[in-house]
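Data first, discussion second: the structure below is written as structure tokens.
The values are calculated or read from the model by the stated rules, or taken from the named source; none is laboratory data. Fair warning: this is a prediction, and the values are worked out from it, not measured in the lab. Heads up: the accessible areas ignore ligands, DNA and RNA and are worked out on the full protein's heavy atoms, side chains in. Shrake-Rupley method; radii C 1.70, N 1.55, O 1.52, S 1.80 Å.
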Amino acid sequence: MHIDLDAFFASVEQVLNPELKDKPVVVGGRPDRRGVVASASYEARALGLHAGMPLSTACCLCPQATFIEGSFPKYRNASQKFMAILADFSPFLESIGLDEAYLDATGFESIYGSTHQMAVTLKQRIKDELALCASIGIAGCKVVAKVASELSKPDGLLEVAAGEEHPFLAPLSIAKLPGIGKKAERTLRGLGINTIGNLSIVPLNTLKSHFGASGELLHRFANGIDDRRVAPPGAAKSISRETTFGNDTKDHSLLKATLRYLSERVGADLRRRSKQTRCITLKLRYTDFTTITRSHTLRQTGDTDQTIFGTGEKLLKKALAQEGQPIRLIGIRVSGLVEPEKQLDMLNPAAQRLEQLNSAIDRIRKKHGFSAIQTGRTLPLKDIFPTDKDGYTLQMPNLSR
Ligand code: TTP
Ligand code: MG
């Protein structure tokens, strides 16, 4: 089964505020701010709104919609409850992001009579306990189940019987096939390939010549063949936070303060997972939308805010010296995550003190919220971003977590 909640962020807002029920709701930010729609309720979609649309366009099309900044803790909370319900149905559960999961029903369907009946029961529990709608696709493999759940939305349930995979996929647009992004779609359409059926009969070598190794995956997916197992997600490979500014900026103190704040969020997450980083990457997007990343590999792994920000700040300084354009987006990522090597720090009292400082800050924030203690370096953000107990609300709610 592939299970995906309908209009997740927007639906959570409608549940928390019944006045919004059955009304057009947009999560992503206020219409006078920059940024895009993260989630639109189905009432808003009926009026032409969709995820990824600039908020200003959404507001023109549908000024009567309620625009909500959104707040990540609310969605995380709903997501945890959603995943807990799924886990009651099968231990073979693979969550993909907050509102989406694969569930291997094999062997558990007999409890309910059939896989279809199992899905009906699952949908009902989600409705009863969370007041949310889930759409479910059932098939013999992941890719077909995912296409089926997407096609069945909203409040859908669609089962593709064994042997029916190819006839089910064939008439659909190639855009519906997981793994085909905007660029691959353009290439395929340029070759006259518009449906998954068209794609399924393209010789494998032709696909390989255009898409390299992923050509083979496309070939298999288009033919409804997918042997990926439902597996619990592995440990994170990287952690990142980024944000788009309300106005493009060259203000060094604002850039530094934002970078410091994002570094603290990354650092807190890194330490919560008891990991250390080997590589730190700064991301910048300029006014003309060119995006650059600059990385630095540490000689010794680390997990403190000071290490992450200190490295990011050096990379930022260099980038600012090379390019004069105003900056639209800034982000920081840590990767090459490893288990901590505690014994090394024993020899270095300064490093040990920093570690203690970080863990004291983590404890305070865990108990009293992220804003309970703030560093001087992030103070310039106070005048720009709204703040609550969970920290500053940056442009996109899912990124300010
Ligand atoms: P989706 O499942 O893609 O979207 P959705 O649940 O809002 O709508 P659908 O009924 O089509 O499933 O993504 C889940 C949540 O992730 C979504 O509610 C908001 C968030 N999100 C973003 O923040 N930015 C994005 O660009 C997208 C696509 C989603
Ligand atoms: Mg969804």
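Residues in segment 94-111 carry Karplus couplings, in order, of 10, 7, 10, x, 7, 10, 9, 7, 9, 9, 8, 8, 3, x, 9, 5, 5, 4 Hz; the curve used is 6.51 cos²θ - 1.76 cosθ + 1.60 with θ = phi - 60°, and Gly or Pro positions show x.
Can you give the extra length, in nm with one decimal, that the chain gains between Leu16 and Glu129 once fully stretched, where that is 0.36 nm per residue apart less the Cα-Cα distance?
Details: separation 113, 0.36 × 113 = 40.68 nm, distance 1.32 nm.
Working it through step by step, the gained length comes to 39.4 nm.
Per residue, the solvent-accessible area of segment 138-216 (1.4 Å probe, heavy atoms of protein chains only, all protein chains present) comes to 50 Å².
Normalised per residue, the accessible area of segment 1-106 is 43 Å², obtained with a 1.4 Å probe and no contribution from ligands, DNA or RNA.
Pairs of Cα atoms nearer than 8 Å and 6+ residues apart set the relative contact order; for segment 204-274 it is 22 percent. The distance from the alpha carbon centre of segment 144-200 to that of segment 233-274 is 36 Å, rounded to a whole number. For Phe92, the residues whose modelled amide H falls within less than 5 Å of its own, excluding neighbours fewer than 5 places apart on the same chain, are Asp104.
Rounded to the nearest percent, how much of the accessible area of the chain (1.4 Å probe, protein heavy atoms only) is carbon and sulfur? Carbon and sulfur atoms account for 54 percent of the accessible area of the chain.
Taking amide H atoms as placed 1.01 Å from N in the peptide plane, the amide H of Arg241 lies under 5 Å from those of Ile332, each 5 or more residues away in sequence or on another chain. Per residue, the average separation of C-alpha pairs within less than 8 Å and at least 6 apart gives the chain a relative contact order of 14 percent. Relative contact order for segment 226-330: 36 percent, from Cα pairs under 8 Å spaced at least 6 residues apart, divided by residue count. Between Asn205, Asn247, Asn358, the Gaussian network model of the chain with springs among Cα atoms under 10 angstrom shows the greatest mean-square fluctuation at Asn205. Calculated accessible area for segment 269-389 comes out at 59 Å² per residue, all protein chains present (probe 1.4 Å; ligands, DNA, RNA ignored). GNM on the chain, alpha-carbon springs under 10 angstrom: the most fluctuating residue among Ala139, Ala105, Ala236 is Ala236.
Hey, in the GNM for the chain with a 10 angstrom Cα cutoff, which one of Lys182, Lys382, Lys314 fluctuates hardest? Sorting by GNM fluctuation, first place goes to Lys182. Kirkwood hydrodynamic radius computed over the chain comes to 23.6 Å, based on all pairs of distinct alpha carbons.
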